[in-house]
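Q: Structure provided below as structure tokens; questions to follow.
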């Protein structure tokens, strides 16, 4: 545990970050900006896993291992999303959600 | 001392996150995201998880941010400004987010957390043994599944980013068709011989 800081303060911080990410995900119409918002959401949830492991069950490792897996899945998701965005830009010359109307043809 | 460091980190992270979702310049938005990620690595360092902080710095700050900046520079002009959503949409979204935040806060502050006071340092060796342990509570199966996932993502990203050159090859001639052609020719020859 971090001395002088209770678990509720860190959980409040991650909740604030989570809802900032949700706000960005809804209001942005650019695909890359939405990807940035998704990164903020994922990171705030990862802090929750780590902090709950540290404060409530410090002798276990579940939270740390889960956060490692979440980071791996987030990296995979970002790589695929960037590939899709670049391919989309080659086809319709735009990465805006409003102009993305077709799946393949 | 830790208290002040945590509050400074939290302030930096929240301000950078708000700037990241509201900045109109694409590249600046990504750089603000970098500040958020580094702040999160700082929290891992404060919680005494050095390995996680190193992963956070290398994978996120080193890998994902570079990837996103790369795609931004490929897709946008560097001084292009993003259009902002309608004001009514922004206000409604902010209200919904504040209501959700209120629900979260009441839940967090009404739940009685039983905090332990024992400080256990998790070494990297512990995490490695847990990841490769085949006993009950070990993580060998998800570890292997995530390796297959990463391989599939690597192949998929290459195929998607290469576009239609890979996926739409002209259909090759099967050897069956090749074998049939001489037979027909022979038949024609036979027919011509018969007619002659």
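Q: Enter the angle in degrees (range 0 to 90, nearest 10) between the Cα long axis of helix A:7-27 and the first principal axis of the Cα atoms of chain A, meaning the one along which they spread out most.
A: The two axes meet at around 10 degrees.
Q: Roughly how crowded by other chains is peptide B:5-18, in terms of the mean Cβ count from those chains within 10 Å of each of its Cβ atoms?
A: For this peptide, the per-residue mean of nearby foreign Cβ atoms is 4.
Q: Next up: The stretch B:107-160 to the stretch B:1-27: how many Å between their Cα centroids?
A: What the calculation gives is 27 Å, centre to centre.
Q: Considering the alpha-carbon set of the stretch B:1-109 alone, what are its Rg and its Dmax in angstrom?
A: Cα radius of gyration and Dmax of the stretch B:1-109 are 16.6, 46 Å respectively.
Q: Please arrange A:28, B:24 by counting, for each residue, the other beta carbons lying within 10 Å of its beta carbon, fewest first.
A: B:24, A:28
Q: Can you give the mean number of other chain Cβ atoms that lie within 10 Å of the Cβ atoms in peptide B:134-146?
A: 2
Q: If we sort B:153-162, B:85-94 on the protection proxy, mean other Cβ atoms within 10 Å, highest first, what's the order?
A: B:153-162, B:85-94
Q: Separate question: What ranking of A:97, A:46 emerges when the number of other C-beta atoms within 10 Å of each C-beta is taken as an exposure proxy, fewest first? Walk me through the numbers before you get to the answer.
A: Values: A:97 13, A:46 24.
The most exposed by this proxy come first: A:97, A:46.
Q: Within 10 Å of each Cβ in peptide A:79-92, how many partner chain Cβ atoms are there on average? Round it to a whole number, please.
A: 6
Q: From the C-alpha coordinates alone, can you work out the Kirkwood hydrodynamic radius of the protein assembly as shown, in Å?
A: Evaluated over the protein assembly as shown, this radius sits at 22.3 Å.
Q: Further question: For helix A:31-56, report the angle its Cα long axis makes with the longest principal axis of the Cα atoms of chain A; keep it between 0 and 90° and round to the nearest 10°.
A: The angle comes out near 10 degrees.
Q: Next question, about the same structure. Which of the peptides B:141-148, A:8-15, A:36-43 is most tightly packed, and how do the rest follow, judged by the mean count of other Cβ atoms within 10 Å per residue?
A: Details: B:141-148: 12.6, A:8-15: 20.4, A:36-43: 23.0.
Ranked from most to least packed, the peptides come out as A:36-43, A:8-15, B:141-148.
Q: Going by alpha carbons, how many degrees (0 to 90, nearest 10) lie between the helix axis of A:62-92 and the longest principal axis of chain A?
A: 10
We did not get these values from a lab; they are worked out from the coordinates using the rules stated. Remember, predicted model here, so these are calculated numbers, not experimental data. Please note: Cβ atoms are built from the backbone with ideal geometry, for glycine as well, and neighbour counts cover all protein chains shown.
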